[in-house]
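Asker: Quick one: the structure is below, and I'll ask about it shortly.
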Amino acid sequence: MSWNHGLPFLPGNTFRDVTKSAFHRPQTLDFKNGYAFPHKPTVGVEQDPLLSEQLNQQEISEFSSTPDVSYGSFEQSVVEEFIPAYVALDKKVLRYYAYFCENIPFSAEEEFRVRPVVINYYLEDDTMSMVEPMVENSGMPQGKRVSRQRLPNNEHGQYYQWTDLNIGMDLEVYGFKYHITHCDAFTKKFLESEGFVLNDPEPMPQGKRRKNPQPSQPSAYTTPSQFDSSYQFLTMDPKVLRFFALWEDADSLFGENRPVTIQYYLADDTVGVSVVREPNSGRDPFPVLMHRLKLPKKIKPGSETFPSCVLEASTAEVDEYYSPKDFHVGQTIKLMGRRFLLYDCDGFTKEYYQKNHPDMAIKPSGVPKKTDLLQKRKDSQNLSDEDRCFILSYFLSDDMISIFEKPVPGIIGGQVLKKTHIPKPGSTADKPEFYSPADLAIGATVKVFSRRFVLTNADHFVLTYLESSARQIPCQTLDSLRQKLGVATANNQQADQNGDDVAEPSSLCEGRLDCLKSYSLPNK
């Protein structure tokens, strides 16, 4: 019981209750059977009973009861789900189309130029951006003019809102004045749904040109040239004529016919040649055979001694350059001293010739076969090959042939042809026919791609093996070997006539049928 009720709370007016000795907070957590569980406190500090414990059950019921009187029908209000603005207005953009005028002070033709822009207003965060549409070959820096940000409306720190934008108004941003002409369909629908009155759209104006002053004296008139290089560049810049050709380089030392692609650029009449890279060709990856340049077709008289191999010829020294009329599909063209066989072209090139040069017939011949290309060198003679000696090996396991050149003074020997199948002349790709041991007679000519080899000699193992398979080997082949080696016997001749096989030598049983060797020389 407190004794200082009614007295002011001042020093000397308070009395200590000597009956109270516990001033700790009551414990509300106990442990029972090893488990912690809370319980409701009944007393407070100084062990005074709590007010909730002093109230009886009737008093508690009076506080929690609701009045029985109601006014009208009771309807529970529905709480609407809250959706933030950045979710409701996400990816919703108002798009306006506008323009600004650019003064051209130092131009004799234009006073000002009209440049269109697109204004985007992002409803989710009230930011804006401005983009100028890109125009090809305009010569002006275009694209993004103002990055996405909040644009200031005045000097008081206020920003533009979507209610401040309308068609026909001027929008001043960072020193440039943009005039809004119209908007897209979504912007119009959104503004009308919000009750915003939208002005009528306006047309996009054109730039203003200067008036040419009348000259005081009549000036000389120069007839303009019919050829306009600027017009050619603007209309033909991305257009290229593409021809598929073969570089005929097989007549040179270690040369061959290689596939190339010839590009003729219509923008500036230049020509470039690139080599088609083939897998496992063994060549370095240098695809550019001739860089892009204008190729002179005819040099003016008196300028033939110009060192064209070192420097490019100037226009003053060239009478005529190569043009699309000089490229005929199906014919051979000579560029910079190299011969190219044009056998096909792409679809755009065919349409270009049909439209601009209908008199030129396009006759694609397809990719020439390798056997057809090799026949063009079949009759070539090289006197330096007389002293060259080769070893031709025929592998019985897979019917492949390899050729090795023996070193002689002045010639470094080595592998000439790796192990591969050699087709006979006249065989096709659909039904190939390869050389067999029956074709390897002394004095026979073996055509290996672009070279011809004459068989001049063989070792004894060749004759021994062929005699063991006399039924499959022609008599002419056996006789040529016997005559060369001088081992013809009556037993072998009798076996050949009867068609019986000669007894196999011991070497066949030992499994040493690995190759068939014969010496050969190229045909003169």
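The values are calculated or read from the model by the stated rules, or taken from the named source; none is laboratory data. Bear in mind the structure is a predicted one, so any value in this text is a computation, not a measurement. Cβ coordinates were reconstructed from backbone atoms using ideal geometry, including for glycine residues, and neighbour counts include every protein chain displayed. The area values use the complete protein model at the heavy-atom level, side chains included, leaving out ligands, DNA and RNA. Shrake-Rupley method; radii C 1.70, N 1.55, O 1.52, S 1.80 Å.
Asker: Kindly flag which residue pairs out of LYS188/LYS208; LYS239/LYS300; LYS294/LYS325 have an alpha-carbon separation exceeding 25 Å in this structure.
Answerer: Where the Cα-Cα span goes over 25 Å, the pairs concerned are LYS188/LYS208; LYS239/LYS300.
Asker: Along the charge dipole of segment 72-197, Cβ charges K/R +1 and D/E -1, which of CYS101, PHE186, TYR159 sits furthest on the positive end?
Answerer: Projecting each Cα onto the dipole axis, the largest value belongs to CYS101.
Asker: To the nearest 10 square angstrom, how much accessible area does ARG242 have with a 1.4 angstrom probe?
Answerer: Per-residue accessible area (ARG242): approximately 90 Å².
Asker: If you don't mind, another one. Give, in whole angstrom and from largest to smallest, the semi-axes √(5λ) of the equivalent ellipsoid of segment 399-463, with λ running over the eigenvalues of the Cα gyration tensor.
Answerer: Rounded to whole Å, the semi-axes are 23, 16, 11.
Asker: Just how far, in whole angstrom, is segment 147-209 from segment 426-485 if you go by their alpha carbon centroids?
Answerer: Taking the Cα centre of each part, segment 426-485 and segment 147-209 sit 91 Å apart.
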